[in-house]
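The values are calculated or read from the model by the stated rules, or taken from the named source; none is laboratory data. What you see is a predicted model; the values in this text were computed from it and never measured. Virtual Cβ from ideal backbone geometry, glycine too; neighbours counted across all protein chains shown.
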Amino acid sequence: MNVTMIGTGYVGLVSGTCFAELGFNVTCVDNNSAKIEALNDKGEIPIYEPGLEELVWKNVKAGTLHFTTDLKAAVSQSDVVFICVGTPPDADGRADLQYVFAAAAEIGQAMNGYTVVVDKSTVPVGTGAKVAETIRNMNPTAEFDVVSNPEFLREGNAIGDFMNPDRIVLGVSAERAGEVMKTLYAPLIEKGFPALITTVETAELTKYASNAFLATKIGFINEMADLCEAVGADVRMVAKGMGMDKRIGEGFLNPGPGYGGSCFPKDTLAIAQTAQDYQRPLQIVESVIRSNNDRKVNMARKVISACGGSVDGKTIALLGLAFKANTDDMREAPSLALVPELQKAGAVIKAYDPAAMTEAAKHLSDLTFCTSEADALNGADAVVVVTEWPQFGGLTGEMLRSHMRGDVVVDLRNMIKSETVTTHGFTYQGIGTPKQEAIR
Ligand code: NAD
């Protein structure tokens, strides 16, 4: 089967590469010619994603993975065409579907023979029907079906998630399209990964419901962390105790500086707007959105308080800028709220992230981008761990002491063992844990 992915971003590039690895002939299309040129001419992968580079070149060499800007040529030879373009929020928080419909119109003009058009982008209920309408308007005699196949991969673990999915959701409106989709996913279904076959509308909503629920879990444990700090409890043990209950489950109970990224913030906004449009407001999701927005700003207050009530003129080393570890994605990262708030309060920021420095420089200004943790720590009054890159968990009091001039450690990811720094004269403030004074 020939497969085309329209959009060579996180989802299109990862899932296209994985379909090639599963044995299909895949063409990834993007209208950003610089991206395609970089892939074809310089061999550059546009995103940081562990394991992706090797898998891309393996399949390019095998002749099963191609990159092009020529959508028409790719689509006209394809049995299945995936729409993997961005669906960013518009001014009201609804998913902006202009890229989806533009892609659908181009598909309509290019398709040649029966084609399954698959919406992999995260789109509100009803979009599948509108994609079909757009194609039909462009090409009234076209033979096609539209399928919704939402993607659940997590950046940083994208290949593992694609190849070992908890479920494959297939929203299909016609048996013929269902058979094509089952063939495409057969290598995974045969390994025992479950496929949930449902309607297009149900599949569309399943994606938003899942993300809204996960965001709620994070928002819940974050607020619980604040309460733990106030009452002297330890949120790590509270989360452990909660997670041991199978009805709750242990995942997504790690408190932090608020969720970010390309999905949770925009998907919670979009589902809340859909619910408003249908007069079925999702009050829980709406309050999770408010809670998370407040939290990112409140993290600055936490740092200021840990620094004795003022950061004016103080140098703060920020470790991690990406919205989470193992990615260079800065979309809606908590650091984007934290840095300006600290700067407003007079702090001088030195920052280091193992992968996101180039991306961060597009969004943040008036700070020093450092070349390593040590470089960021040099001369700092306080250090703040913002992103959970595993290497930050290994920081020791000895190392901090040899670089920093101050003695404040704020760990927004609960990664550093407090006793390793308090024994070297640092105060330690984690998330949802009692403040640990320096042992002098
Ligand atoms: P992205 O911004 O990384 O990539 C989208 C790509 O589409 C861009 O390279 C853009 O140039 C290209 N594009 C746009 N219009 C085009 C057109 N007409 N023809 C060819 N190329 C076009 O986006 P992403 O993070 O991959 O997300 C894509 C969709 O998948 C979104 O709806 C998102 O919500 C969803 N999703 C993302 C993730 C994730 O972890 N990033 C996970 C699951 C679902």
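For region 19-53, give me the residue count where each residue is assigned to a helix (DSSP H, G or I) and closer than 15 Å to G156 by Cα. Spell out the reasoning first.
To start, the set of residues in region 19-53 that are assigned to a helix (DSSP H, G or I) comprises 19-21, 33-42, 52-53.
Next, only the ones that are closer than 15 Å to G156 by Cα stay: 52-53.
Residues flagged as assigned to a helix (DSSP H, G or I) and closer than 15 Å to G156 by Cα within region 19-53 amount to 2.
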Residue pairs, Cβ under 7 Å, 6 or more apart or interchain, first in region 22-43 and of a type in the set (G, A, S), second exposed (fewer than 14 other Cβ atoms within 10 Å of the Cβ). List them.
A38/E44
Is there a residue being in the same structural domain as I431 (by TED's automatic domain parsing) and within 20 Å of C84 (Cα to Cα) anywhere in region 210-218?
yes
Which one is farthest from the ligand (Cβ to nearest atom), of the residues in region 4-37 that are surrounded by fewer than 22 Cβ atoms within 10 Å (Cβ to Cβ) and aliphatic (A, V, I, L, M)?
L22
State yes or no: is K246 assigned by TED's automatic domain parsing to the domain that holds V285, in contact (Cβ under 8 Å) with a residue 12 or more places away in the chain and of a type in the set (D, E, K, R)?
no
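When you look at T327, is it over 19 Å from N298 (Cα atoms), modelled with pLDDT of 95 or more and assigned by TED's automatic domain parsing to the domain that holds V384, yes or no? Give the derivation first.
Working: over 19 Å from N298 (Cα atoms): yes; modelled with pLDDT of 95 or more: no; assigned by TED's automatic domain parsing to the domain that holds V384: yes.
In short, no.
Yes or no: S78 part of a loop (DSSP other than H, G, I, E, B), assigned by TED's automatic domain parsing to the domain that holds A102, out of contact with any Pro (no Cβ under 9 Å at 6 or more places or on another chain) and closer than 29 Å to R176 by Cα?
Details: part of a loop (DSSP other than H, G, I, E, B): yes; assigned by TED's automatic domain parsing to the domain that holds A102: yes; out of contact with any Pro (no Cβ under 9 Å at 6 or more places or on another chain): yes; closer than 29 Å to R176 by Cα: yes.
It is true that S78 is part of a loop (DSSP other than H, G, I, E, B), assigned by TED's automatic domain parsing to the domain that holds A102, out of contact with any Pro (no Cβ under 9 Å at 6 or more places or on another chain) and closer than 29 Å to R176 by Cα.
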Residues of region 343-362 being over 24 Å from Q391 (Cα atoms) and touching a helix residue (DSSP H, G or I) at 6+ places or on another chain (Cβ under 9 Å), in sequence order, are K344, A345, A347
Name every residue in region 171-196 that is hydrophobic (A, V, I, L, M, F, W, C) and in contact with a Lys or Arg (Cβ under 8 Å, 6 or more places away or on another chain), in order of residue number.
I189, F193, A195, L196
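Name every residue in region 258-317 that is of a type in the set (D, E) and crowded, with 23+ Cβ neighbours inside 10 Å, in order of residue number. Give the derivation first.
Taking region 258-317 as the starting set, the residues that turn out to be of a type in the set (D, E) are 267, 277, 286, 294, 312.
Listed by number, the list holds a single entry, D267.
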